[in-house]
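Have a look at the structure below before the remarks.
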Amino acid sequence: MRVPLSWLREYVDLPAGETGRDVAARLVRAGLEVETVEQLGTDIKGPLVVGEVLSIDELSGFKKPIRHCFVNVGSANGTGEPQEIVCGATNFQVGDKVVVILPGGVLPGPFPISARQTYGHTSAGMICSARELGMGDDHNGIIVLPPEYEPGTDAIELLQLVDEVLDIAVTPDRGYCLSMRGVAREAAAAYGLPLADPALLDVPPANSYGYLVKVADPVGCDRFVARTVTGVNPAAQSPIWLQRRLQKSGIRPISLAVDITNYVMLEVGQPLHAYDRERVDGPIQVRRAAEGETLTTLDGVKRKLSAEDLLICDNSGPIGLAGVMGGATTEILDPVTDPETGVVTGTTEIIVEAAHFEPVAIARAAKRHKLPSEASKRFERGVDPEAARAAAQRAVDLLVLIAGGTAEAGVTDIAAPHPVRTISIDAGLPDRVAGAEYGRETVTRRLQEVGCTVVGADVLEVTPPSWRPDLTDPYDLVEEVVRLEGYDNVPARMPTTPPGRGLSEAQRFHRRVGVALAGAGYVEINAYPFVGEAAFDGLGLDADDARRRVVKLVNPLNDAEPALRTTLLPGLLGALRRNVGRGNTDLALFETGTVFLPKAERKVAPRLPVDRRPTEEQLAELNAALPDQPRRVAVALTGERLPSGWWGKGAPSGWADAIEAARTVAAAAGVELTVRQAQYAPWHPGRCAELLVGDEVVGHAGELHPRVIKAMHLPERTSAMELDLDLVFEDGRRVSGPPVSAYPVATQDVALIVDAGVHAADVESALREGAGELLESLRLFDVFTGEQAGAGKKSLAYTLRFRATDRTLTADEASAARESAVAVAAERTGAVLRGA
Amino acid sequence: MSAPNKSYDPVEVEALKPEVVEQARDEAIAAFAAAADLDELKQAKVAHTGDRSPLSLANREIGALPPQAKAAAGKLIGQARGAVNQALAKRQAELEAERDARVLVEEAVDVTLPFGRVPRGARHPLTTLAERIEDTFVAMGYQVASGPEVEAEWLNFDALNLHADHPARSMQDTFFVEAPDGSADSGMVLRTQTSPVQIRAMLAGEPPLYAVSPGRVYRTDELDATHTPVFRQVEAIAVDEGITFGHLKGTIEVLVEKLIGGGLELRWRPSYFPFTEPSAEIDLQCFVCRGASVGNPDRPCRTCSSEGWIELGGCGVVNPRVLVAAGIDPNRYSGFAFGLGLERILMNRHNVADMRDMVEGDVRFTLPFGMEI
C-alpha cells in the first residue's frame, strides 16, 4: 500500500513539521511495515509553469517530426513575450495548455534547462511529458492540461509534484490497512489524534427500486450494494488531483469511471466494480459457476471456470469473476471521439457494485486463475462489509460531481444477517502475556482506539469493529493492547530454565566429524540437494540402481532437477568442478547433509486435526509417510593432497586419501572401520573400497571411474568417499583405558610373498591373529611387485612389535610369536616368507 | 721393570726427578695450549696423558720405590698430573665452545622460507555460526532439537495455525513433494521454516521445554545476491509456566549481546505470524553506522542500506492454538518462539556482500573462516 503523505493528512491532522520519515517511524512501532519513504519532486526546480500554445511550425527535413512553437507563459519569463520552444512531441494543438519548464529550471536526472540552438531555432525551455516530471511511466507524449488554467501558473503546485509516499507492506491480518482509511486510523492512534473517517457518509437507505440483484449464494456473497448513475458525460476526464493521487499510489489513470472506482478502493478499502448498464442484460445474479462455463475477463483472457468460482452473472451468463476481475462484455467503454463532429461517445449509464465476498472463496479463485488483483488482494485479507454502502455512495458522488451524472434514487443493498461477534477477555490477560502492568483502564482504552466496543469489568466483553475480521480470540486483543502500548516498553526478563543437558552424543559426533575433516585439510561446502536424471547418468548408475528412486518435487526451480538427492556426490562434485574452473586446482572438499530416500511403499502424509493433540497412531502414520532422511558425509579430492614445494615433491591425492577420510570419520566416531575391495558406481572398479563397521556396509571410497570423470568433466584421478553418519555413530560408547606396559619392546620384521590378488587386509588380519596377545602393533612398511617378488606375486614387508605387560620378552618368545603369525598368514593367504 | 728394591734411592730414578716431572708437566700444558682444534688436542692428550706419556711412565716407577719414598713421589706425580688434566679440560672446553659456535652458524637456515606442507581445511561459516548460536542457548539450559527437511504439511503448516487457505501459506512459496498419484497432495513439503521442529519437540514431552533448532529450510526463490532457495534458520522455543513476551525480549537481548556485541539498541516491531500472538519483528541497530547513515547521503552504510536497522528475525508469544495442536494445556503453559535467518546474520556479522558466495562452495570464500567463527 502506497500512502501519499499529503493524502493521509486529509484524515489525520498531523503536526505541520512532521516528515514522512517521522510518520513512518511511528507507524513502524505500531506494526506497519513501512518499507520505504519516497521523496517526490525533490529533484525538480522551477520555473515550471502552465503555458498556452500560440503557434506551431512543423519543421521538415529531419529524421523525426519537430515542432517550432511559441508558447504564452504569462509573466513567468519576466518579459511576458511568447516563449520560443522546439518540441519533439506531436500530441498537442494550438490553444492547448501545456507544462513548460523555463531556462534555469532543473528536471529529474538532473537535467538543467537552458536556452540553446537546436534544429535551426532557439529553444528557450521545454514542454514536459509526465515521465520527464517523474509523475509516471506514461509514454503518450507531453501533458495536455484541462483548459481552465491560466498561463504562467506554477505547475509544481498544480501537479502536486512535491510529496512523500510511504510504501507499506501490509501483513495478511491487517487487510484494513490496504486503504487510506485504515492507515489513517493507525496514524491517528499512533499520534493520539482524532480520525476523519472517509466512510462516514450520508447514505440513503436501501429501497426496492434499485437495480435488480439476486444473490443465490449468500455464504459466498453476504453483501451486495448496487447504485446507478445516468447521464454520465463520456468525455469527462479525471481531474489532476485524482490522477495524481492514483499515480502516487502506484495505479495508472485509465478513464474517469475506472479511476473513480480505484480511487474509492484506495480511500475506503472497498473494491468496486463499474458496469455499463446498457451492456448488462437483465438482473445481476451472484452464483457459483457451472462446470464448463467460461468467462472472458477484462484482461482479454478467456477463462475456464471451476464449480467453486463465485460469479457475477446477467441473463447472458457470467459477466465477472466475483471479487477478482470483471468481464469484458459489460466493461465501461473507452470514449471515442468522432473526428468530424468532435462528439465523444461512450458509456453514459453506470452501475456501481460494492459487494462483500467470502475471503477463502476469493483467495482460491485468484490462486486457481493465477489472477492476483487489487480487489482479490483486499477480499482475501478481509474487507469491511459495513463500508460497502459508503463506498458506493462515494463513487456515485464523484461521478455526479466530475462526470455530470445523475444519481438514480434506487438503492440496492442485499445483506445476509451477520451475527455479532463478541470476545470475552480477562482484563488481566494482556498483563500476563506481556509480562507488563497495564491495568484494566489502559486495556479498555486501547481496545476502544482500535474501534472495539468494550463493556464489563474484570471480564471484558469486546465487540471488534466490522473492519477487523482478524480479531477473533482474546490473544488477538492482547496483541492490539501490547502493540499500541509499545513492544519497546515491555520490560525484558530472563526465564528460569531447568538444568540443561547439553548437546547429545550424536550432536557432539556431528561436530567432531566436521572438525576432524577440516583438521585434515578438507574444506566444507553446502550444495543444493536438487538433482535430475542427468546427475545419475553422470555417475554411471544402472537403470535399476536404488539411488535412482527419488523423492520428487511438484514445483522444482529447475525442471531438469526435479528430485531430491539420494547421494551427496552430485552436489559435491559440482562444487569441485566449479572450483577447478575458477583455478583452484588442489582440492579436498567435504559436505555433511541429509539425503532423501523414499519409503518402499509411498504414502500420503495425513492432515491431522489441529484442535487437539493427534494420537500416537496418527503421528506414527504421519512419520511413516516421510522419506528416510539419513545424514551422510562425503569428500572429494583432486590435485595435490600434499603440496610440492622447496622441501621437495608433494603427493597427489588418490583413492587412498578418500579411504583415509573415511578412517578420519570413523575415528571421530570411535569405531573401527574395515575396508573391503568392491565394485560400486561411480567408483573405478579396481579402486573402490567398501567401508564397513562390523558387518554393516556404511559407505564407499576410492578413485572415480574414468568414464564418470569424463562424463562429469572432472580432473583425472578425482577421488571421493561417501558414508552414512547414522550408521557409523554408536551411542553410549565408552573407551576403557588400556594397560600400558613399561617392559621393553621386541621388534621383528617379516617380508611375505603373496599372490598379487591377495588383499593386504587379509594378510594383516591373519598376521594379527597368528601373532596373538603379545603383538602390540603391526605396520606394513613396504609393498613391491616385480622380478624379486616373482611373476604374479607381490611382497609385503611388515614390522611387528611385541611386548608383554608383565615381563621382558625373550628373543625366543618374540620369534615364536612371529613364526606363529607367519604360519597363520601362510595358511590363510598362501604367504611365503621371502627368502625362505 | 725392576723388582722392588728397599734400599733404592729415589733421587737416583731419572724420571722421578722433580725437574724432569715439572718439565713433562710444562710440556703437556704447552702442547694443550698449542692445540688449534679438537683433533690436535686429542693427539696432545694421547701424547701427554696416555699410557706412554712421560708422566704415566714416571708414575709406574713409583711402585718400585721403597715405601718411605713412595708418598713424596706420588705427591709429585699427582700434582703434575692434576695440573695437566686441568689444562686439558680447560682447553677441551675452549675448543668445544669454538667448534659449537662455528657449527651452529654453519647450520643456520632461513626460517622465513614459505611453508605450507600440510594443507589447511575449514568448516563452512554457516555451520560454525549455527554452532555458536546453539552454544549460547545450551549455556542457557536449552536442548538442541532437529527434524526432517522433507516434512509433513501438518507439521509445517496446520499445526502452526496455518490452515489450508491461510493467506500466509501462499506468502511462503513452498516446494511441494509429489504424491504417489503425481499430484501435489502428498501431505509433504520441503519445510519452509524450522518451526515444525518446535511442534515435534512439544509433541515429544511435557513442558518445561527449552529448545533451539538450527536447520536448512526451503523456499522457491531464485538464487541471487540476497536470496537463496535453500537457506538456514535457527529457531528457539520456550514453553513453561508463566512465560511472557518480556522473557522473549530478555532472551534475545542475551543472544544479541553474545553474537554481535553489547550496547546495541533493539527495535521491536509488531508483525504477524500465525503461530505467535503477539508477534514481532526484531531489528537490530546497525552496528556499523549506528544509525548515522539514515537520511545522510554523504555517509551511506552498506551493512544496513542506510536504514539504520538490520532485520534480525521474527518472534512472538506462542499462539495458544499451536499449544493445543501439540497437546499442551494453554491455560497452564505459555511459550515464546523466535526464528533467525543465518545467512543474513553471516552477511552482517562478517561483511559478506553476496549470498551466492555461501552457496557455491568456492574454497577461497570458506578458507579464511577456518574452524570457528
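Residue by residue, what Karplus-based ³J(HN,Hα) values in Hz, rounded to whole numbers, does segment A:685-697 have, using 6.51, -1.76 and 1.60 with θ = phi - 60° and x for Gly and Pro?
Once θ is set to phi - 60°, the couplings for segment A:685-697 become x, x, 9, 10, 10, 8, 9, 10, 10, x, 9, 9, 6 Hz.
Please compute, over every Cα-Cα pair in segment B:10-106, the percentage with a separation greater than 17 angstrom. Let's see the in-between values first.
On the way: 2423 of 4656 pairs.
Tail of the P(r) past 17 Å holds 52 percent of the pairs.
Limiting things to C-alpha atoms, what are the Rg and the maximum Cα-Cα separation (Dmax) for segment B:236-300, in angstroms?
When restricted to Cα atoms, segment B:236-300 yields Rg and Dmax of 14.8, 51 Å.
Beyond 14 Å, how much of the Cα-Cα pair distribution for segment A:746-833 remains, as a whole percent? Numbers along the way, then the final one.
Values: 2267 of 3828 pairs.
It works out to 59 percent of all Cα pairs.
Under a Cβ-Cβ cut-off of 14 Å, what is the net charge of the residues other than A:ALA821 that fall near it, where Lys and Arg count +1 and Asp and Glu count -1?
Details: positive: A:ARG768, A:ARG779, A:ARG801, A:ARG818, A:ARG828; negative: A:ASP749, A:ASP762, A:GLU764, A:GLU769, A:GLU773, A:GLU776, A:GLU813, A:GLU819, A:GLU827.
Counting the neighbours of A:ALA821, the net charge comes to -4.
How shielded is B:362-372 by partner chains, expressed as the average number of their Cβ atoms within 10 Å of its Cβ atoms? Walk me through the numbers on the way to the answer.
On the way: counts 7, 13, 5, 2, 6, 3, 0, 3, 1, 4, 2.
Going residue by residue through B:362-372 and averaging, the value is 4.
Where does segment A:620-713 land on Rg(C-alpha)/(2.2 N^0.38 Å)? Intermediate results must be reported in sequence, preceding the final value.
On the way: Rg = 16.7 Å, N = 94, 2.2 N^0.38 = 12.4 Å.
Normalised Cα radius of gyration, segment A:620-713: 1.35.
Expressed as an acute angle from 0 to 90° and rounded to the nearest 10, what is the orientation of the C-alpha long axis of helix A:474-485 relative to the principal long axis of chain A?
Taking the Cα atoms of chain A, the angle to A:474-485 is about 80 degrees.
At 7 Å along Cα-to-Cβ for each site, give me the label-to-label distance between B:THR226 and A:ASP426 in nm.
My value for the distance between the label points is 4.4 nm.
Taking just the alpha-carbon atoms of segment A:479-584, what radius of gyration and Dmax come out, in angstrom?
Using the Cα atoms of segment A:479-584, the pair Rg, Dmax is 22.9, 65 Å.
Please identify the trypsin sites (Lys or Arg not before Pro) of segment A:420-454 that satisfy two criteria: DSSP loop assignment and at most 14 other Cβ atoms within 10 Å. Which are they?
Values: sites: A:ARG421, A:ARG432, A:ARG440, A:ARG445, A:ARG446; in loops: A:ARG421.
Here the sparse-neighbourhood loop sites are A:ARG421.
Quick one: what are the phi-derived ³J(HN,Hα) couplings along segment A:567-584, Karplus 6.51/-1.76/1.60 with θ = phi - 60°, whole Hz, x for glycine and proline?
Using θ = phi - 60°, the values come out as 8, 7, 4, x, x, 5, 5, x, 5, 4, 5, 4, 5, 4, x, 8, x, 8 Hz.
Dipole of chain B, Cα-centred, from +1 at each Lys and Arg C-beta and -1 at each Asp and Glu C-beta, to the nearest 20 debye?
1380
With Kirkwood's inverse mean 1/r over C-alpha pairs for Rh, give me the Rg to Rh ratio of segment B:125-369, two decimals please. List each step's numbers first, then the result.
Numbers: Rg = 18.4 Å, Rh = 18.9 Å.
My calculation puts Rg/Rh at 0.97.
Among the chymotrypsin sites (Phe, Trp or Tyr not before Pro) within segment A:177-217, which fall in a DSSP loop and have no more than 16 other Cβ atoms within 10 Å of their own Cβ? Kindly include the intermediate steps, with their values, before the conclusion.
Details: sites: A:TYR191, A:TYR209, A:TYR211; in loops: A:TYR209, A:TYR211.
Qualifying residues, ordered by number: A:TYR209.
Once each part is reduced to its C-alpha centroid, what is the distance from segment B:211-271 to segment A:1-68 in angstrom?
Comparing the Cα centres of segment B:211-271 and segment A:1-68, I get a distance of 38 Å.
Over all directions, average the projected area of the Cα convex hull of segment A:98-148 and note it in nm².
Numbers: hull surface 17.4 nm².
Across all orientations, segment A:98-148 yields a mean hull projection of 4.3 nm².
Net charge around A:LEU246, counting only other residues with Cβ within less than 9 Å of its Cβ (Lys, Arg = +1; Asp, Glu = -1)?
Details: positive: A:ARG244, A:ARG245, A:LYS248, A:ARG252; negative: A:ASP259.
That sum, taken over residues with Cβ under 9 Å, equals +3.
For segment A:1-97, which trypsin sites (Lys or Arg not before Pro) pass both filters: DSSP loop (anything but H, G, I, E, B) and at most 16 other C-beta atoms within 10 Å?
Details: sites: A:ARG2, A:ARG9, A:ARG21, A:ARG26, A:ARG29, A:LYS45, A:LYS63, A:ARG67, A:LYS97; in loops: A:ARG9, A:LYS63.
In loop regions of segment A:1-97 (DSSP not H, G, I, E or B), the sparsely surrounded trypsin sites (Lys or Arg not before Pro) are A:ARG9, A:LYS63.
With θ set to phi - 60°, apply the Karplus curve 6.51 cos²θ - 1.76 cosθ + 1.60 along segment A:811-823 and write out the HN-Hα couplings as whole Hz, x wherever there is a Gly or Pro.
Result, rounded to whole Hz: 4, 5, 4, 5, 5, 4, 5, 4, 4, 4, 4, 5, 4.
Enter the Cα centre distance for the pair segment B:63-128 and segment A:421-452, rounded to the nearest angstrom.
Taking the Cα centre of each part, segment B:63-128 and segment A:421-452 sit 90 Å apart.
Report Rg(Cα)/(2.2 N^0.38 Å) for segment A:213-415, keeping two decimals.
Values: Rg = 16.2 Å, N = 203, 2.2 N^0.38 = 16.6 Å.
Relative to the rule-of-thumb radius for its length, segment A:213-415 sits at 0.98.
Can you give the longest run of chain B that contains no GluC sites (Glu not before Pro) sitting in a DSSP loop with at most 16 other Cβ atoms inside 10 Å?
Numbers: sites that count: B:GLU107, B:GLU222, B:GLU241, B:GLU265, B:GLU372.
It works out to B:108-221.
Can you give the Kirkwood hydrodynamic radius of segment A:550-704 from its Cα pairs, in Å with one decimal? Before the final figure, lay out the partial values.
Working: mean 1/r = 0.0538 Å⁻¹.
Evaluated over segment A:550-704, this radius sits at 18.6 Å.
Express the relative contact order of segment B:73-216 as a whole percentage, based on alpha carbon pairs under 8 Å and six or more residues apart in sequence.
Numbers: 108 pairs, mean separation 34.8, N = 144.
24 percent.
Rounded, prolate or oblate: which one fits segment A:57-147, using the alpha carbon gyration tensor with axes a ≥ b ≥ c (rounded when a/c is under 1.5, else prolate when a/b beats b/c, else oblate)?
Working: a/c = 1.18, a/b = 1.02, b/c = 1.16.
Note, shape of segment A:57-147 comes out rounded.
Counting DSSP beta bridges with both partners in the protein assembly as shown, what percentage is antiparallel, nearest 5?
Details: 184 of 192 bridges.
Rounded to the nearest five, the antiparallel share is 95 percent.
Taking Cα atoms, how many degrees apart are the long axis of helix B:125-139 and the longest axis of chain B, rounded to 10 and kept between 0 and 90?
90
Starting from the Kirkwood radius over alpha-carbon pairs of segment B:50-117, derive D by Stokes-Einstein at 37 °C in a medium of 0.692 mPa s and give it in µm² s⁻¹.
Numbers: Rh = 16.0 Å.
After rounding, the answer is 206 µm²/s.
Report the Cα centroid-to-centroid distance between segment A:564-629 and segment A:750-769 in angstrom, as an integer.
Rounded to whole Å, the Cα centres lie 41 Å apart.
Pairs on different chains or at least eight residues apart, Cα atoms closer than 14 Å: how many lysine pairs in chain B fit? Each step should come with its number before you reach the end.
Numbers: B:LYS6/B:LYS70; B:LYS17/B:LYS70; B:LYS17/B:LYS75; B:LYS42/B:LYS90; B:LYS45/B:LYS90.
So the count works out to 5.
How do A:LYS302, B:LYS45 line up, fewest other C-beta atoms within 10 Å first?
Working: A:LYS302 9, B:LYS45 21.
Ascending Cβ contact count within 10 Å gives the list A:LYS302, B:LYS45.
What number results when the radius of gyration of the protein assembly as shown, computed over Cα atoms, is divided by 2.2 N^0.38 Å? Numbers along the way, then the final one.
Working: Rg = 45.4 Å, N = 1209, 2.2 N^0.38 = 32.6 Å.
Rg over 2.2 N^0.38 Å, computed on Cα atoms: 1.39.
When Cβ neighbours within 10 Å are restricted to other protein chains, what is their mean count per residue of peptide B:319-327?
Working: counts 4, 4, 4, 1, 1, 4, 7, 4, 4.
Average neighbour count from other chains, rounded to a whole number: 4.
Work out, in µm²/s and without decimals, the Stokes-Einstein translational diffusion coefficient of segment A:423-489 at 25 °C, 0.890 mPa s, Rh from Kirkwood over C-alpha pairs. Could you put the intermediate results ahead of the total?
Numbers: Rh = 11.5 Å.
Rounded, D is 213 µm²/s.
Is the shape of segment A:294-401 best called rounded, prolate or oblate, per the rule: a/c under 1.5 gives rounded, else a/b larger than b/c gives prolate, else oblate, with a ≥ b ≥ c the square roots of the Cα gyration tensor eigenvalues? Don't jump to the answer; show the numbers that get you there.
Details: a/c = 2.47, a/b = 1.40, b/c = 1.76.
Oblate.
How large is log10 of I(q)/I(0) for segment A:367-410 at q = 0.22 Å⁻¹ when the intensity is taken from the Debye formula with one equal scatterer per alpha-carbon?
-0.80
Residue by residue through A:379-385, how many Cβ atoms from other chains fall within 10 Å of the Cβ on average? Display every interim value, and only then the final one.
Numbers: counts 0, 3, 1, 1, 0, 0, 0.
Mean partner-chain Cβ count within 10 Å for A:379-385: 1.
Could you estimate the translational diffusion coefficient of segment A:1-79 from the Stokes-Einstein equation, with Rh from the Kirkwood formula over C-alpha pairs, at 4 °C and 1.567 mPa s, in whole µm²/s?
It comes out at roughly 75 µm²/s.
Using Cα pairs under 8 angstrom and six or more residues apart, how large is the relative contact order of chain A, in percent? Please list the in-between numbers first.
On the way: 1691 pairs, mean separation 65.7, N = 836.
Worked out over chain A, it gives 8 percent.
Under the rule of at least 5 residues apart or a separate chain, name every residue whose amide H is placed under 5 Å from the amide H of A:LEU460.
A:ILE425, A:ASP426, A:ALA427
Laboratory data are not the source of any read-out in this text; all were calculated from the coordinates shown. Bear in mind that the values here come from a model prediction, so they are computed numbers and not experimental data. Glycine gets a Cβ as well: all are built from the backbone with ideal geometry, and neighbour counts include every protein chain shown.
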